[in-house]
Amino acid sequence: MTNARFAAVSTALGLAFFARVAGQAVQRWWDVSFLPSQDAWQGSSLPFPALLGAQLVILVIIAIATLRIGAGKNLFGLNWVKPVGWFGILYFTAMSMRLFIGLGGDAGVFGDDSIAAGKWFTAYLPTSFHLVLACELMLFAAYQRGQLQQSR
């Protein structure tokens, strides 16, 4: 894949995450009817100001990485390609399992009293955006692996 395509995919994933951050902020401050309820956006007990701050830092990292990808620059060194890639895969797998278990818990597969019926497992909206971030990490690792192979 070319740098431009990597950058385009990173931009799309970054915009999806931005939509999540913006949607949650809009719902927090204006409570509009066309968006999910404020509770649906929250997947943890982290206070909103801390969550928003962390999300903004993530968006800045994605923006910087996307610009570097578009310019054909390295994101990180050779020693980080495998750890970032594997972390992305494990993160994606864990969030997929979270979603799967939560959907099963809601459907009664595990029973309404099971751990699967708990808030963390049934926070579908945050989980879906964790999948977006995991894809971004895997994309960064794939891009960087290609960059390092081209420089050899």
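Pick from Ala107, Ala116: which is crowded, with 20+ Cβ neighbours inside 10 Å, farther than 24 Å from Gly70 by Cβ, at pLDDT below 90 and aliphatic (A, V, I, L, M)?
On the way: Ala107 fails: crowded, with 20+ Cβ neighbours inside 10 Å.
Matching residue, one of Ala107, Ala116: Ala116.
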Check: Which residues, taken from the stretch 21-50, are farther than 13 Å from Phe129 by Cα, in a loop (DSSP other than H, G, I, E, B) and not polar (S, T, N, Q)?
Finding: Asp31, Val32, Phe34, Leu35, Pro36, Leu46, Pro47
Notebook entry, point to check: On the given criteria, is Phe18 at pLDDT 95 or above and surrounded by 11 or more Cβ atoms within 10 Å (Cβ to Cβ)?
Noted result: yes
Notebook entry, point to check: Given (1) over 13 Å from Glu136 (Cα atoms); (2) under 20 Å from the mean Cα position of the chain (by Cα); (3) part of a loop (DSSP other than H, G, I, E, B), where does Lys73 come up short, assuming only one miss?
Noted result: (2)
Next item on the list: Please go through the stretch 17-70 and pick out each residue that is within 20 Å of Ala142 (Cα to Cα) and either touching a His at 6+ places or on another chain (Cβ under 7 Å) or among the aromatic types (Phe, Trp, Tyr) (or both).
Entry: Phe17
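The values are calculated or read from the model by the stated rules, or taken from the named source; none is laboratory data. All of these numbers come straight from a predicted model, not from anything done at the bench. Virtual Cβ from ideal backbone geometry, glycine too; neighbours counted across all protein chains shown.
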